[in-house]
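S.K.: A single structure is presented below for examination.
Every number here is computed from the coordinates shown, using simple stated rules; none is lab data. Predicted model only: the values in this text are computed from it and were never measured. Because the Cβ atoms are built from the backbone with ideal geometry, glycine has one as well, and the counts that use them run over all protein chains shown.
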Amino acid sequence: MISRKYQNDQDQWRIRKFLQEVFLKNGRHEFSWPVYRWDYWCWHVNANLFHFDLSAAIFLWQDDQGRPISMLNPDSPGEVFIQVDPDFRSTELEVEMMAMAEMQYALTQPDGRQKLTIWCPIGDELRKDLLTRRGYTRQPGKEYQHRRKNTQAIPEAPIPQGYKIRPLEGEDELPARSWVSWKAFHPDEPDSTYKGWEWYRNVQCAPLYRRDLDLVAVAPDGELAAFCTVWFDEATASAAFEPVGTHPAHQRRGLGKALMVEGLRRAHALGATLVTVGSYSEEAGALYDSVGFSEYDVNEPWVKNW
């Protein structure tokens with residue numbers, strides 16, 4: 001078993017296959033990232049926001065045949081996820097990965113101290129014990145990964161009168177799609193801080209992206225009012241919603257639920273037997289529960305300062 005840095009585009013495809021295999025080995029529970037999350041991170045979060053150099057930011061451990069068995073990757077600066085094939089998991093490997101994370105990902109604070117956040121599944125007693133021994137403490141806040149078996153009946157969700165749901169159209173509609181996303185996720189920020197729509201081109205370059213699964217709700221006046229993007233992975237027969245949002249002027253009308261129901265129908269038609277969606281808030285969790293996401297996995301942040 002050896003560790004190395006990310007090298008080239010071939011590693012991109014090795015990582016995607018590795019994450020698909022690990023997701024299946026874990027019973028399609030999100031004890032590691034599903035491949036859609038890797039895609040979304042690479043082509044949106046990193047490409048548009050953080051601009052990590054993958055050759056410096058991604059570390060792989062591989063077996064004697066060169067196949068990945070574990071990976072360290074950042075989410076945001078100072079924040080890291082540990083991805084491990086359960087067939088190769090050991091205390092020694094986890095400790096080695098944590099030590100590498102502390103060396104490579106820690107943020108230097110204004111007072112000169114170092115800080116690192118490692119995310120851990122709530123039921124992972126081995127990792128929690130090792131984190132505690134290394135001086136990490138569990139912090140407030142949870143990442144919920146809601147799950148829905150898409151073999152169960154899909155609920156009805158009437159579309160509000162005057163609205164219609166359809167896939168996103170051509171590039172001419174990207175400015176409107178970007179704007180409604182801005183208003184949904186930055187309702188209290190001044191519009192002067194809006195930075196444009198070109199970022200959405202990167203999202204559309206992700207391998208799992210499909211225009212027919214990029215859904216929008218159109219208001220009676222023709223403006224985009226809400227959106228959800230569905231990511232379908234044929235290799236794991238799973239789909240995921242990321243993101244889901246509604247313009248503040250159109251909230252509390254059932255648009256989010258109607259969009260998700262349409263997304264569930266399309267995912268079911270493609271063969272997805274499991275659908276997931278992440279959240280950090282009770283309001284989002286209530287929406288997801290209303291369309292059958294009654295189970296969930298939980299990740300928690302553990303922080304070390306030194």
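S.K.: Would you kindly calculate the mean projected area, averaged across all directions, of the convex hull enclosing the Cα atoms of region 146-220, in square nanometres? Before the final figure, lay out each step's value.
M.R.: Working: hull surface 29.7 nm².
Value for region 146-220: 7.4 nm².
S.K.: Turning to a different aspect of this structure: Where q = 0.10, 0.23 Å⁻¹, what log10 of I(q)/I(0) comes from the Debye formula for region 88-194, counting one point per Cα?
M.R.: -0.66, -1.30
S.K.: Excluding Gly162 itself, what net charge comes from residues whose Cβ is under 15 Å from its Cβ, given Lys and Arg +1 and Asp and Glu -1? Don't jump to the answer; show the numbers that get you there.
M.R.: On the way: positive: Lys164, Arg166, Arg253; negative: Asp221, Glu223.
Within the 15 Å Cβ shell, the charges total +1.
S.K.: Count charges around Phe50 for me, please; just the other residues with Cβ under 14 Å from its Cβ, Lys/Arg as +1, Asp/Glu as -1.
M.R.: -3
S.K.: May I pose another question? Within region 118-154, name every residue whose backbone N is under 17 Å away from a label modeled 7 Å from Cα of Glu282 along the Cβ vector.
M.R.: Those under the cut-off are 140-144.
S.K.: Now a separate question. Could you tell me the calculated FRET efficiency between Cys205 and Gln104, based on Cβ-Cβ distance and R0 = 30 angstrom, to the nearest 0.05?
M.R.: 0.65
S.K.: Another question, then. Determine, from the Cβ-Cβ distance of Lys5 and His51 and an R0 of 22 Å, the FRET efficiency 1/(1 + (r/R0)^6), rounded to the nearest 0.05.
M.R.: 0.85
S.K.: Could you check the spin-label model distance between Glu156 and Asp63? Points 7 Å from the Cα along Cα→Cβ, value in nm.
M.R.: According to this spin-label approximation, the distance is 5.1 nm.
S.K.: Mind checking which lysines have their Cα closer than 21 Å to the Cα of Lys195? Skip sequence neighbours fewer than 8 apart in that chain.
M.R.: Straight-line reach from Lys195, under 21 Å: Lys183.
S.K.: What does the charge add up to near Phe81, with Lys and Arg as +1, Asp and Glu as -1, over the other residues with Cβ less than 10 Å from its Cβ?
M.R.: -1
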